Number of protein chains: 2
Amino acid sequence: MTYRAPVADYEFMLRYVVGYESVAATERFADASAETISAILSEAGKLCEEVLAPLNRVGDLNPARLENGVVRTPPGFAEGFKAIAEGGWVGMSGDPDYGGMGLPMTLTTAVNEMMSAACLSLQLAPLLTQGQIEALEHHASAALKQQYLPKLMSGEWTGTMNLTEPQAGSDVGALTTKAEPNGDGSYAISGQKIFITWGDNDFTENVIHLVLARLPGAVAGAKGISLFLVPKYLPEADGRPGRANALKVVSLEHKMGIHGSPTCVMHYDGATGWLVGAEHGGMAAMFTMMNNARLGVGGEGVGIAEAAFQQALDYAQERKQGKTPSGTIIDHADVRRMLTGMRADVFAARAVMLACALAIDMQKATGKADWAARAALLTPIAKAFGTEIGNEVAYAGVQVHGGMGFIEETGAAQFSRDARVLPIYEGTNGIQAMDLVGRKMADGGAAAFRLLDEIERHAESARARLSDLAEPVLQAGEALRGATEWLVAQNNMNDRFAGAVPYLRAFSRVLGAHYHLAAALADPGGPREKLARYYITALLPEHAGLLAQVQSGAEALFALGTDELAV
Amino acid sequence: MTYRAPVADYEFMLRYVVGYESVAATERFADASAETISAILSEAGKLCEEVLAPLNRVGDLNPARLENGVVRTPPGFAEGFKAIAEGGWVGMSGDPDYGGMGLPMTLTTAVNEMMSAACLSLQLAPLLTQGQIEALEHHASAALKQQYLPKLMSGEWTGTMNLTEPQAGSDVGALTTKAEPNGDGSYAISGQKIFITWGDNDFTENVIHLVLARLPGAVAGAKGISLFLVPKYLPEADGRPGRANALKVVSLEHKMGIHGSPTCVMHYDGATGWLVGAEHGGMAAMFTMMNNARLGVGGEGVGIAEAAFQQALDYAQERKQGKTPSGTIIDHADVRRMLTGMRADVFAARAVMLACALAIDMQKATGKADWAARAALLTPIAKAFGTEIGNEVAYAGVQVHGGMGFIEETGAAQFSRDARVLPIYEGTNGIQAMDLVGRKMADGGAAAFRLLDEIERHAESARARLSDLAEPVLQAGEALRGATEWLVAQNNMNDRFAGAVPYLRAFSRVLGAHYHLAAALADPGGPREKLARYYITALLPEHAGLLAQVQSGAEALFALGTDELAV
């Protein structure tokens, strides 16, 4: 497998599809001109192609393991991480006051996508560190920032997020880890956390944990949770790691995929930590980190999809079979159907991801509430759609390989196994969909309707030039508007939730068509127009069946008793 | 994981959904009354629950391996196979003249489904043996039948099918294995075969290979292929295995799943074999075996889906999380949506499978061409739909488990990994779909239209009682009819092939609705009606988007050049 960084695709999409020029036009991101970011993307692409991609299968074959309480990472991962750190890729969107590059998230998101395509297991380490950086930037005290941010941004240290406990998964509010004040401004953290990605490693001199815990007397549920920074080694006065904190990795999980990434059970036994943000304000601080990570995980899905697509495309062009013009399987209509669908979906999911990142940048740069609402609306969509497409394209990639796809040596199967975690972690896709139809539509759907207005205006303006593409987008937009109106009119939240996942998917399909249409307009008669035509003709129609499901409500679902399901 | 054999579901479906009474009414299957088959299903179910299901994870953790040229199977597999053999389950549909039980395929198909649900890796051994039995019954000489069939039906020996070569996968006609006459009626077989499931084992005294090869002077392509029976050990005059034949297992594949099943690279070095069927008539003989195996593989998909559904249902009823009436996740609307969809799809895929098996039985019992055409039409649908549902339900099963689904210990991930081979082997699902829109519609769609007539007549007759369910089925049937008319009118086969996979899926969706409607009619106000309502409301609408894709043709697909895909 040779990974080719899709730099030209980012350049095209930033310019013609998501409107990056509005970011570069802001004062905050004035330095990040189109030329600058092209250079940065090329540099990151080189790292991914040359250094990271060769590690992907190594990590699968040599899982991270626990030896006498110490995590041992796969061969080459230490060097790979060092290359990421030294390239400045961890802190690229970080605050320059603490050593970051202050670059737009739009760019960071593209770089993260490439790194995940090249080696998902390793890329999780910088991704989670970036999430921690953002949480600390927003919520930590000046002292903590000064002490930790430079080390995190430089990649000397890595960061983790510790939410889940055995009895508290999607329901974070059920967690029981305790934080007792030590009297000196620090706290003693005690409890067990599970599913801690990169909970430890053997290549950075420290690992910093952000841990959700309860202060004494905290109320039950999510409102009684606070966030703490808990380092593996307690920094000395000179900032260097000193004595070991009272925490340890108890065990690693045996997972279906991402074998190179250690997924840890962590035990905190009165470990010293410091409050981040307000007392009982942990959820707000954690959401800063999670929203960042959710977009990042969506990008991981896009990355896996891109890598799986490339490998399948290569295989289809090499594999001789049957009587076709080229002699290879790529000329079989069904193989072509799979590959074209994969490519069209990678584009759609990437566009949603970049549009979400762009909204975050515009929010940061302008402070406008509309951009904040746009980013909030697109985050669950980018996460769920990106990760679904990651799985679907990886699945199709195996299928294109035929029997060889099921054989581990090709790597096609690994993409499928690795991708399977993406719709689960950082909030399952069900949680994302409930977030979309619940919290993100607590505004009565205002942010959704604004986006639909844009989609419809854009399609209307395209009517004259590309009516065969613009009309179906307009109709799909109207259908989605109708379903959105239906959803926000439901007072029984179960009626919203019952259709949440198909609604999110239908929304994604329509968004994908919107961005494909923009690409078609920018490339008349060219490959972008042809790809858009395929997407709009063959893939967009999926939305109709999904929206029918959305509006069927919860009644038919709950009519069937639990015991009746087992019949 | 505790597997519960769904005997009650088979009983209901045989009686009310697929009309088993017509099989029992034939002279040939007069002994297989509803009472008899209930007893047999219960007996098979017990074997699956008690003996086979405990082996499933053992096989995953202890893959079959090759030691000094000998295949070593996972612990317990030998005893498991022996129990299958001693129960008579290998030869249950075999000719009683050779030791079979002569039972209907409808019944065998249900039993095979249960065995695959319990332990897919092991079930492949009897499944392939059954396919070989059927091929020999139809095509072998009386002497070969006498010599081999009793041993195969009793499970003393197992059978394999050897089609694929490195350069000849979906294009079987490209194979190069040679067969030279030895002058004594036997042939010397030389060549390499890959992906040979259960190519060897350490628990039967012989393994019989059916091998596709070319006779000297055979024409190129599929028309120059003949079929040979090649035993691992050459039988002595008394029928017992004698000296070793000139064949060996070269290596085993490292696969994504079905670790317990040895997937062999076989080398034949002048091995002694005997012709089965006519010279150059190998493809016809092989198709007998393959059609049997295709339905069987579809049933494997249903089996995995059932097992994954049961496990997810159990987990959802045990896992406490969030504030719901039961305190468990099953009352979350999105979890309920997943489980209800899984159950509804298991039903639909099982109904298609049983309907296909029933058509085979009716063909055998009546010799009528209409039944043969029905069986031929339904075989690719049963294979592709069953295996897709197997993957989709296993995927959803992982999702219901949340983070635990990605951890191997739960077994949810294993279902997904095991199921992934099903849409690939015995002809990829793309091949099935091309078979459906090509060969199976070479009659101008007559068999398809006859089935659509039945679906529409049935829905019309249901209008009075269940109009809210009958109407959507009628409309979907009409839409499918329109797409079928469009398909058979295409002279350019690529226009058919470009839409073949979505067409097959849409056909499956409509068939599923037809059978759900039948179930609803038989259970007014009961769980079957409620499940049917969910399927028809929420899942059937998928067909519309698929049929739009079907009728988009090959042009949009091939408009995009191979090089343009890589942009």
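The values are calculated or read from the model by the stated rules, or taken from the named source; none is laboratory data. The shown structure was predicted, so the numbers you read here are calculated from the model rather than taken from an experiment. We place every Cβ from the backbone using ideal geometry, glycine too, and count neighbours over all the protein chains shown. These area figures cover heavy atoms from the full protein model, side chains too; ligands, DNA and RNA do not enter into them. Shrake-Rupley method; radii C 1.70, N 1.55, O 1.52, S 1.80 Å.
Numbers below:
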read-out: DSSP beta bridge pairing in chain A, given as percent antiparallel to the nearest 5; value: 85
read-out: Full-stretch length increase - B:Ser467, B:Arg243 - with 0.36 nm per residue and alpha-carbon distance subtracted; value: 73.9 nm
read-out: Teacher prompt: A:Gln167 distances to equivalent labels in other copies, 7 Å Cα→Cβ, nm; value: 6.5
read-out: Rg(Cα)/(2.2 N^0.38 Å) for the range B:158-282, N = residue count; value: 1.03
read-out: Cα Rg, Dmax (largest Cα-Cα span) when computed across chain B, Å; value: 23.4, 79
read-out: Point-to-point label distance, A:Thr2-A:Thr176, nm (Cα→Cβ direction, 7 Å offset); value: 5.6
read-out: Highest to lowest packing among A:487-496, A:508-517, scored as the average C-beta count within 10 Å; value: A:508-517, A:487-496
read-out: P(r) histogram, all alpha-carbon pairs of the range B:429-556 included - 5 Å bins from 0, percent; value: 2, 12, 22, 22, 16, 12, 8, 4, 1, 0
read-out: For the range B:12-54 and the range B:306-356, distance of Cα centres in Å; value: 25
read-out: Approximate spin-label separation B:Val250-B:Glu236, in nm, with each point projected 7 Å along Cα-to-Cβ; value: 3.3
read-out: Per DSSP, loop trypsin sites (Lys or Arg not before Pro) in the range A:309-386 with at most 16 further Cβ within 10 Å; value: A:Lys323, A:Lys368
read-out: Teacher prompt: A:Asp443 distances to equivalent labels in other copies, 7 Å Cα→Cβ, nm; value: 5.9
read-out: Antiparallel bridge percentage (DSSP; both residues within the protein assembly as shown; nearest 5); value: 85
read-out: Zone residues, the range B:358-401, relative to B:Asp443, backbone N less than 17 Å from point 7 Å out along Cα-to-Cβ; value: B:358-382
read-out: Rounded to the nearest 10 Å², the accessible area of B:Tyr233 at probe 1.4 Å; value: 70
read-out: Exercise: per-residue mean of other protein chain Cβ atoms within 10 Å, B:252-259; value: 4
read-out: 10 Å Cβ neighbours from other chains, averaged over peptide B:324-336; value: 5
read-out: Radius ratio Rg over Rh of the range B:489-561, counting only Cα atoms, Kirkwood formula for Rh; value: 1.19
read-out: Mean Kyte hydropathy of 0.0 or more with a Cα span along the axis of at least 27 Å, helices from DSSP in chain B; value: B:105-139, B:282-318, B:333-366, B:369-400, B:467-489, B:500-522
read-out: Calculated over the protein assembly as shown: convex hull of Cα atoms, volume per residue (Å³); value: 155
read-out: Within the protein assembly as shown, helix-based [θ] at 222 nm, where runs of 4 or more DSSP H residues each add -39,500 (n - 2.57), nearest 500; value: -17500 deg cm²/dmol
read-out: Accessible surface buried once B binds A (1.4 Å probe; total of both sides; Å²); value: 7200
read-out: Surface accessible to a 1.4 Å probe, B:Asp97 within the full protein complex, Å²; value: 130
read-out: Beta bridges per DSSP with both ends in the range A:159-281, % antiparallel, nearest 5; value: 85
read-out: Cα-centred dipole magnitude for the range B:74-158, charges only on beta-carbon of K, R (+1) and D, E (-1), debye, nearest 20; value: 120
read-out: Average projection area in nm² (convex hull over Cα atoms of the range A:73-127, one quarter of hull surface); value: 3.6
read-out: Å³ per residue enclosed by the Cα convex hull of the range B:326-467; value: 158
read-out: Three-way shape call for the range A:22-68 based on the alpha-carbon gyration tensor, with the a/c threshold at 1.5; value: prolate
read-out: Solvent exposure of the protein assembly as shown as accessible area per residue, Å², 1.4 Å probe; value: 32
read-out: Interchain or long-range residues, amide H under 5 Å from A:Gly242's placed H; value: A:Leu234, A:Glu236
